[in-house]
Amino acid sequence: MYTQSFNVQDAPDTSSAAPNAASMAALKSVPKALTEAEVALQAQFDARIDADGKVEPRDWMPDAYRKTLVRQISQHAHSEIVGMLPEGNWISRAPSLKRKAILIAKVQDEAGHGLYLYSAAETLGTSRDQMLDALHTGKAKYSSIFNYPTLNWADVGVIGWLVDGAAIMNQIPLCRCSYGPYARAMIRVCKEESFHQRQGYEALLVMMQGTAEQKAMVQDAVNRWWWKCLAMFGPPDADSPNSVQGMRWGIKRISNDDLRQKFVDATVPQAKILGVTLPDPDLKWNEERQHHDYGQIDWDEFWATVNGNGPCNKERLGARVKAWNDGQWVRDAALAHANKQAERQAQKNLKEAA
Amino acid sequence: MSADQTTSSPALKEWPLWEVFVRSKQGLEHKHCGSLHASDSQHALQMARDVYTRRQEGVSIWVVQSSSIAASEPNDKSEFFEPSSDKVYRHPTFYEIPSEVGHM
């Protein structure tokens, strides 16, 4: 799962809520003058990007390109990991053994996606512990969608259908990202993500054939998640100053607003088949544009959540930190065991040689 | 665990990095598919199974500690690989064969 709200900077500049072009420009330090060799390398890099070529870990790349990727890939990884929490909440409460097995498999996939992405980020020279430390200290961001609660069983279905649906829209263009390891991780993730969306939608279809109360649960969950999902695509293009650079570097391929439009157009017929109403009175087909028009997204609420004031920010981070700390002895024990085994083997080899 | 035990440097605490190679089916080669952290080789194999073969993507896995891999330098690409580009006679298309000979 992923959101392009990752165009936002990590802390400490959380105080400047909605970034505008002027404040972002003011924050940028003046770049150092490049040496002659760097100018040549930069030209080579630009030519490769212009030719739609790929960049691999040990190739020369501009510092800003590396930093942007580390930030984006690690935030993406954090989102997969934190994303396990809202759904994990329902594993012990799934309505049947079948749904429980499906949900466990899905949550395990999210862990896997996080691991693919952490590995991709590590090829850029950051360490796993550095990234985890940034998450645990609240310095790094993750997708704001996971800072909302999962109140009923239909939430699990809606997360699969809408949240993973939005994530797929975002992630498919990333399979063509200019940075090789990130693109390869995304191909792997996208292959698995389709299961996530389909299982969610199917779970909702079943509920919609149930009692009036079950149908109401689905509608309630859709009402609560719809606008958050639209916000997942990140700020409107006009307020997304990093997008231009991301496009130039071949990291971003499709703009936030275009992806959001694609998502709305794809979801409207699915909602109709499911028999739910998307909670937007302004949502209607525009014959001229050949797209659906939709209403205003509450960006103040979005930024408040990104900046730590959503309903579950503290709970999510608290759960992550607790899991990490509680697992410390396991990580230590595994390493101690490995060291002991290696020592024994070395002694054995020595004896055999003697 | 006591507090002073947890203050050792994080670098020493991180499990080493392993590269994972998976044979997707009998008859095909092992192919690099990613990396992971694990305490030792057995642990790495188990982790690789869980991380990279959840949907029968593999019938065999190799893991090798990343630090054991020697790699060519991207900067030396021209000198390292270039010499072969002027040896066009190594390619079948270098040779012109009369068309009546047919496929060769």
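The values are calculated or read from the model by the stated rules, or taken from the named source; none is laboratory data. These figures come from a predicted structure and were not determined experimentally. Heads up, the Cβs are rebuilt from the backbone with ideal geometry, glycines too, and the neighbour counts pull from every protein chain shown. The area values use the complete protein model at the heavy-atom level, side chains included, leaving out ligands, DNA and RNA. Shrake-Rupley method; radii C 1.70, N 1.55, O 1.52, S 1.80 Å.
For the pairing of chain A with chain B, what total accessible surface becomes buried, with a 1.4 angstrom probe, in square angstrom to the nearest 100?
The A and B chains share an interface burying roughly 2000 Å².
What's log10 of I(q)/I(0) for the protein assembly as shown at q = 0.08, 0.09 Å⁻¹, Debye sum over Cα points only, no solvent?
The Debye formula, applied to the Cα set alone, gives -0.56, -0.70.
With a 1.4 Å probe and every protein chain left in place, tell me how much accessible area A:K141 has, in Å² to the nearest 10.
20 Å²
Lysines within cross-link reach of B:K13: Cα-Cα under 24 Å, excluding same-chain residues under 8 positions apart?
A:K139, A:K322, A:K340
Taking every pair of Cα atoms in the range A:157-240, average 1/r, invert it to obtain the Kirkwood radius, and report Rg/Rh to two decimals. List each step's numbers first, then the result.
Values: Rg = 15.5 Å, Rh = 14.2 Å.
In the range A:157-240, Rg relative to Rh is 1.09.
Compute, for A:L151, the solvent-accessible surface of its heavy atoms (probe 1.4 Å) with the complete set of protein chains present, and express it in square angstrom to the nearest 10.
Answer for A:L151: close to 110 Å² accessible.
Along the charge dipole of the range A:115-244, which of A:P149, A:P241, A:A221 sits closest to the positive end, that is, farthest toward it, with unit charges on the beta carbon of Lys, Arg, Asp and Glu (+1, +1, -1, -1)?
My answer, from the dipole projection, is A:P241.
Counting only heavy atoms of the protein chains, get the accessible area per residue of the protein assembly as shown (1.4 Å probe) and round it to a whole Å² value.
On a per-residue basis, 54 Å².
Could you list which residues have their amide H under 5 Å from that of A:A140, counting only those 5 or more apart in sequence or on another chain, with H placed in the peptide plane?
A:L135
Write down the percent of antiparallel bridges among all DSSP beta bridges whose residues are both part of the protein assembly as shown, to the nearest 5.
The antiparallel proportion sits near 95 percent.
For a quick size check, give me the Cα extents of the range A:75-120 along its three principal axes, largest first, whole Å.
36, 15, 9
Output the pairs from A:K106/A:K141; A:K98/B:K31; A:K54/B:K31 with a Cα-Cα distance over 26 Å in this structure; if there are none, say none. Kindly include the intermediate steps, with their values, before the conclusion.
Values: A:K106/A:K141 23 Å; A:K98/B:K31 34 Å; A:K54/B:K31 19 Å.
Distance filter (> 26 Å) returns A:K98/B:K31.
Tell me which trypsin sites (Lys or Arg not before Pro) from the range A:261-354 have a DSSP coil assignment and no more than 12 other beta carbons within 10 Å of their own.
A:R289
Counting pairs on different chains as well as pairs 8 or more places apart, how many Lys pairs in the range A:166-293 have Cα atoms under 23 Å apart?
12
Taking every residue in A:332-338, how many Cβ atoms of other protein chains lie within 10 Å of its Cβ, on average?
5
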